[in-house]
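*Asks:* Once you've had a glance at the structure underneath, I'll fire off some questions.
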Amino acid sequence: MKLRDALFAAPLALAACHSAPAPDAAPSASASGVPGDTSDTHAYDGIHADETVRFTGTEPFWGGQVSGTLLTYSTPDKPDGDAITVKRFAGRGGVSWSGTWQAQPFVLAVTEGSCSDGMSDRTYPFTATLQVGGEQRQGCAWTERRSFTPVEGGA
């Protein structure tokens, strides 16, 4: 599979996440399995190229942020994180960043969807799917423009 194909597939894979769509999200997947309106040929613009995206996940714990071509990936073993040079791809269903971490492919894909980290009273505006070290991990993401919010009744 070519890198371009892998980058295109990453946001599509996120459309299958179990999180509920955001109230203002695009229509759900079509019969072909492609997210959104199949007549729409524009790249996803819900996260601007100049925005910093922060992401977090559990089991195992992971997180970080991406801005431009620099992604910082952190784990409990490396709380300051590792810097990874990445390429951004905006597909119809979301945005992905790909690079190499510890000589392995690293792909983070972010799509619209209400997301809970399962550990806090926060609701995040994006779901995050990370493929790293032969594993796929699920998490949540946010930007300053579209931040997380407390769950009703939460702090």
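*Asks:* Using a Förster distance of 30 angstrom, determine the FRET efficiency expected from the C-beta separation of T149 and T38, and round it to 0.05.
*Replies:* Computed FRET efficiency for T149 and T38 comes out at 0.45.
*Asks:* Between E59 and Q104, what length in nm is gained on full extension when 0.36 nm per residue of separation is reduced by their alpha carbon distance?
*Replies:* 14.2 nm
*Asks:* Can you pull the accessible area of D77 for me, 1.4 Å probe, Å² to the nearest 10?
*Replies:* For D77, the solvent-accessible surface is approximately 140 Å².
*Asks:* Counting only the heavy atoms of the protein chains, how much of K87 is accessible to a 1.4 Å probe, in Å² to the nearest 10?
*Replies:* Ignoring ligands and nucleic acids, K87 comes out at about 130 Å².
*Asks:* Another question, then. On the full set of protein chains, 1.4 Å probe, figure out the accessible area of R137 and give it in Å² to the nearest 10.
*Replies:* The accessible area of R137 comes to roughly 40 Å².
The values are calculated or read from the model by the stated rules, or taken from the named source; none is laboratory data. Note that the structure is predicted; figures quoted are calculated from it, not measured. Every residue, glycine as well, gets a Cβ built from its backbone with ideal geometry; the counts of neighbours run over all protein chains shown. Quick note on the areas: whole protein, heavy atoms, side chains included, nothing else; ligands and nucleic acids left out. Shrake-Rupley method; radii C 1.70, N 1.55, O 1.52, S 1.80 Å.
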